[in-house]
Structures are given as C-alpha cells and as structure tokens.
1. Of all the residues that make up region 100-122, how many are closer than 17 Å to Arg154 by Cα, modelled with pLDDT under 90 and of a type in the set (Phe, Trp, Tyr)?
Amino acid sequence: RLALGAVILRSVGEIGAGTYSHAGAGPMVMFAKGAGDMPVRGWWSYLRPFSLQADGGYLPTWSGPESGLFFADACLGYQFYYLTDEGVSLPIPAVLRGVAPFVEFDYQQVGVGKRYSTPPDWRITPAIGWGNDTYQLTVSAQVGINPAGNANARGAIIALLDVQMDRLWPAIFAQNLL
C-alpha cells in the first residue's frame, strides 16, 4: 500500500510543558507491505508474519517563526497469528498466539529558516503487542539513540489499549451510519 495524506496540527496545551507554539499542516506519504503473499510451504511460511510500515512528511508552521518539522517513522513487525492461521504448530499456549513483537525507528528534525536546522532526533521504540478480535494491548519503551534523541526524551514507557466497540455492542456500533 502507498498513500498520500495530510497532517494538521492544532496547538493546544501549555507551551512551557512542551506543546507546539504554532499550528501547522503539511503533506505526508505512508507505505505498508506485509509478507503474507509469500508461499505457504517450507521455511517461506516463517517469513509471512513480517510486515513493514513507514511514513514521512513535512509539517510547516502557519504562523510565527519560519520553521517546519521533518518526520519519518519505520516499523518492522512480526505477527504470530499468520503462522497459526496457516496451520503451523507453535509450541506456545493459545493465548500467546496473538502476540506481535515490533520495533519502530523514529526521526524528527526542525528546519529553521532557509539555512539552519536543529540536530536530527533519532529514537527507537521496541514493543510487544497482543490482540484478539475485540482488544489490542501494546506496551513499548522509547529511547533516544543519538545525542539529540537522548536530550529530548531520555526514555518513555508507552502503553495503549484499543477496544473494538462494534465487537462489544454490535447492535449499537456495527451499523452503517451513511
């Protein structure tokens, strides 16, 4: 998959706490490719769970100083359910078959004016996710991998719980509203 999109950033919150001081909008490109189209035989079956997702773009400010944010992310993941869906017997309990380890590489850099920019901020986010038809839980740790990345974010633990409401209450949320 390849897609073009737009990023719109509305500044809200306390500037002293790290929020952006000006609103902005800009283009982005997104890419995703899974290896699910690999053959389902022999060792090829073990490559099918790999996936790659990436995005990048530029977010110029609409007001204030002439600056803009360049950003890019790339994520490499491995979804175990691809193996079990194809009949590969995994020596793990059934509840762990929804596990998906992944690692994300993040880049951002502020371009200031026409001649200057901030140092690039590189971070790595190793994570593990688990999901089924209704829930997805992801836990990760993000750390800087260069001096700017370390200075801007010494480290963070990130957790996400995603609930598919149409699975919990299909009579309410599974309706087509259009």
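1. So the count comes out to 0.
Per-residue answers, yes or no, for (1) out of contact with any strand residue (DSSP E or B) (no Cβ under 7 Å at 6 or more places or on another chain); (2) exposed (fewer than 13 other Cβ atoms within 10 Å of the Cβ); (3) over 17 Å from Gly111 (Cβ atoms); (4) modelled with pLDDT of 80 or more:
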{"site": "Ile8", "(1), (2), (3), (4)": "no, yes, yes, yes"}
{"site": "His22", "(1), (2), (3), (4)": "no, no, no, no"}
{"site": "Met30", "(1), (2), (3), (4)": "no, no, yes, yes"}
{"site": "Met38", "(1), (2), (3), (4)": "yes, no, yes, yes"}
{"site": "Gly42", "(1), (2), (3), (4)": "yes, yes, yes, no"}
{"site": "Tyr46", "(1), (2), (3), (4)": "yes, no, yes, yes"}
{"site": "Ser51", "(1), (2), (3), (4)": "no, no, yes, yes"}
{"site": "Asp55", "(1), (2), (3), (4)": "no, no, yes, yes"}
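The values are calculated or read from the model by the stated rules, or taken from the named source; none is laboratory data. In this text, all values refer to a predicted model and were calculated from it rather than measured experimentally. Note that each Cβ is placed from the backbone with ideal geometry, even for glycine, and that neighbours are counted across all protein chains shown.
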